[in-house]
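Below: the structure, in structure tokens.
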Amino acid sequence: MEVFRLSRAKYADQLSGYGAALKGARWNSRGVEMIYTAENRSLAMAEVLVHLSLAMLPRDFMMLTIFIPDEIEIFNLPVSKLADGWNNFPHKRITQELGDLFIHEKQYAVMRVPSVVTQGDFNLLINPGHPLFKEVSIVRKEPFPFDERIFKEL
């Protein structure tokens with residue numbers, strides 16, 4: 001399976017959950033390393049765009065294609081198991097608790113979760129501390145310039 005991640009060029013050669021651990025995010029608490037990826041390029045772009053404006057948009061993004069071998073079992077988190085308001089912004093602590101448990105238990109290397117940004121699409125969270133993580137690899141890196149029409153006012 002291939003998944004996608006937008007990364008600044010200076011971080012494009014590495015897969016680590018260090019960046020997510022710095023501040024925490026929807027699916028991980030501060031200090032918990034996790035790699036956020038998307039099932040398609042468009043979702044990877046949308047997940048980044050919700051945090052930026054045209055004035056803040058760096059020009060050095062790279063689209064990473066990440067290979068997850070078929071032998072790695074993926075845990076599919078059912079939307080029906082999520083508490084009401086799981087997709088609120090700012091995010092609730094309950095989603096971080098679920099993600100932290102996924103990381104600490106190390107039962108699965110990858111967890112599939114619903115996207116808040118694009119309903120009906122899914123993100124794949126990778127546990128860099130799982131023994132099978134060494135099988136996950138970056139297979140392609142390409143410059144990814146954003147089309148500035150995305151930021152035009154209506």
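For the reader, a short list of remarks on this structure follows.
- With a cut-off of 14 Å between beta carbons, the residues surrounding LEU64 carry a summed charge of 0, where Lys and Arg count +1 and Asp and Glu -1.
- Region 2-148, relative contact order in percent, only Cα pairs under 8 angstrom and at least six apart counted: 34 percent
- Estimated 222 nm signal from helices in the chain, with DSSP H stretches of n ≥ 4 weighted -39500 (n - 2.57), rounded to 500: -5000 deg cm²/dmol
- Extension reserve of the LYS141-TYR11 stretch, reckoned as 0.36 nm per residue once the Cα distance is removed: 45.7 nm
- Under a model in which nothing but the beta-carbon of Lys, Arg (+1) and Asp, Glu (-1) is charged, region 2-148 shows a dipole of about 440 debye around its Cα centre.
- Entries of LYS81/LYS134; LYS92/LYS134; LYS10/LYS134 with Cα pairs more than 27 Å apart: LYS81/LYS134; LYS92/LYS134
- Taking region 105-148 and a reference point 7 angstrom along Cα→Cβ of VAL50, the backbone N atoms nearer than 20 Å belong to 111-127, 146-147.
- Structure-derived P(r) over Cα pairs in 10 Å bins from 0, in percent: which label, when the choices are (i) 10, 32, 30, 21, 6, 1; (ii) 11, 41, 37, 11, 1; (iii) 11, 39, 31, 16, 2, 0: (ii)
- Summing Lys and Arg as +1 and Asp and Glu as -1 over all other residues whose Cβ lies under 15 Å from the Cβ of HIS130 gives a net charge of -3.
- Residue-count net charge about ASP13 - beta-carbon cut-off 14 Å; Lys, Arg +1, Asp, Glu -1: +3
- In sequence order, calculated HN-Hα J values of region 26-36 (Karplus, 6.51, -1.76, 1.60; Hz; x Gly/Pro): 4, 10, 8, 7, 4, x, 9, 7, 7, 9, 8
- Fraction of beta bridges assigned by DSSP in the chain that are antiparallel (%, nearest 5): 90 percent
- Peptides 14-21, 86-93, 43-50 ordered by packing proxy, namely the average of other Cβ atoms within 10 Å per residue, highest first: 43-50, 14-21, 86-93.
- Remark: the ARG112-ARG59 segment gains 16.2 nm on full extension, using 0.36 nm per residue and subtracting the alpha carbon distance.
- Vicinal HN-Hα couplings computed from phi for region 101-106 (Karplus, 6.51 cos²θ - 1.76 cosθ + 1.60; Hz; Gly/Pro x): 4, 4, 5, 6, 6, 6
- Other-chain or far-sequence residues with amide H under 5 Å of THR118's (modelled H): none
Read-outs: derived from the displayed coordinates by stated rules, not from any lab. All values reported here derive from a predicted model rather than from experimental measurement. Neighbour counts run over all protein chains shown; Cβ positions are idealised from the backbone, glycine included.
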